[in-house]
1. Can you tell me which residues in the range 153-183 are surrounded by fewer than 19 Cβ atoms within 10 Å (Cβ to Cβ) and acidic (Asp, Glu)?
2. Report the residue count in the range 123-151 for those that are free of Cβ contacts under 8 Å to residues at least 12 places away in the same chain and either part of a strand (DSSP E or B) or under 21 Å from the mean Cα position of the chain (by Cα) (or both).
3. Tell me yes or no: at least one residue of the range 31-49 is touching a residue at least 60 places away in the same chain (Cβ under 8 Å) and small (Gly, Ala, Ser).
4. In the range 55-73, is there at least one residue being free of Cβ contacts under 8 Å to residues at least 60 places away in the same chain, under 23 Å from ALA204 (Cβ atoms) and open to solvent by less than 20 Å² (accessible area, probe 1.4 Å)?
5. Please verify whether the range 105-115 includes one or more residues that are in contact with a helix residue (DSSP H, G or I) (Cβ under 6 Å, 6 or more places away or on another chain) and either modelled with pLDDT under 95 or on the phi < 0 side of the Ramachandran plot (or both).
6. Out of all the residues in the range 180-210, which are touching a residue at least 24 places away in the same chain (Cβ under 8 Å) and in a loop (DSSP other than H, G, I, E, B)?
7. Take the range 29-42 and flag every residue that is open to solvent by 70 Å² or more (accessible area, probe 1.4 Å) and either over 15 Å from ARG84 (Cα atoms) or among the aromatic types (Phe, Trp, Tyr) (or both).
8. Taking the range 92-122, which residues are among the charged types (D, E, K, R), in a strand (DSSP E or B) and either more than 16 Å from ARG40 (Cβ to Cβ) or in the same structural domain as ASN172 (by the TED database) (or both)?
Amino acid sequence: MDKQLLETTVSKVLDEMRERPIPLGVSSRHIHLSAKDYARLFPGQPISEKKALLQPGQYAADQTVTLAGPKGELNNVRLLGPLRNVSQVEISRTDARTLGIAAPLRMSGNLSGTPGVRLISPYGELDLTSGVIVAQRHLHMSPLDALILRVAHGDSVSVAIEGGERRLVFDNVAVRVSPDMRLEMHIDTDEANAAGADSPQAFATLVTPR
């Protein structure tokens, strides 16, 4: 195979890979807990896995809590494992209005100046002084995926939700790259409802790097 033919073939394969469907993950309201806060809410109980998630090592736990805010409560909010260094609560804008909490739009882990909420389990309660956010929509990927898609960690891209009756393009999608990540688009329930992402045929495609 001559060099020009090889380059043409490689370019065609890469173009096809860039057009492949991206798995779509809809993040319902959930919490991440530190070991200290977990022990207070579930004393003497080991965290137990209910369902593995697509991102390696992450899972939905059997344990749930109630979120209590100034205006209302949300029941059966799932704990995601493994435990973290700092507790964090991720909700939608609709959830924030139900609770009466002005949760800011943030990337996971960016908790400075965020509001708190009361956590209630069958075994205990605690007041988080901060940690409640509306998660910025984002795109997980490995370094190889980033190379193929021609994006880098921290980039902002546009992503289309396809396959349903309400096709929608989301701008300002944050790119998150790590060797232990798999390709997956994450949106919350409000965004999923707007895009009709409850369809089994729904998937994401990268529109353009920004």
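The values are calculated or read from the model by the stated rules, or taken from the named source; none is laboratory data. Keep in mind the model is a prediction, meaning the values are calculated, not measured. Cβ atoms come from the backbone with ideal geometry, glycine included; neighbour counts cover every protein chain shown. Accessible surface is based on the protein model in full, side chains and every heavy atom, while ligands, DNA and RNA are left aside. Shrake-Rupley method; radii C 1.70, N 1.55, O 1.52, S 1.80 Å.
1. Scanning the range 153-183 gives ASP155, GLU165, ASP171, ASP180.
2. Result for the range 123-151: 2.
3. No: zero hits.
4. Yes, the conditions are met somewhere in the range 55-73.
5. Looking through the range 105-115, none of the residues is in contact with a helix residue (DSSP H, G or I) (Cβ under 6 Å, 6 or more places away or on another chain) and either modelled with pLDDT under 95 or on the phi < 0 side of the Ramachandran plot (or both).
6. Across the range 180-210, the qualifying residues are ASP180, MET181, ARG182, LEU183, GLY196, ALA197, ASP198, SER199, GLN201, ALA202, ARG210.
7. ARG29
8. ARG106
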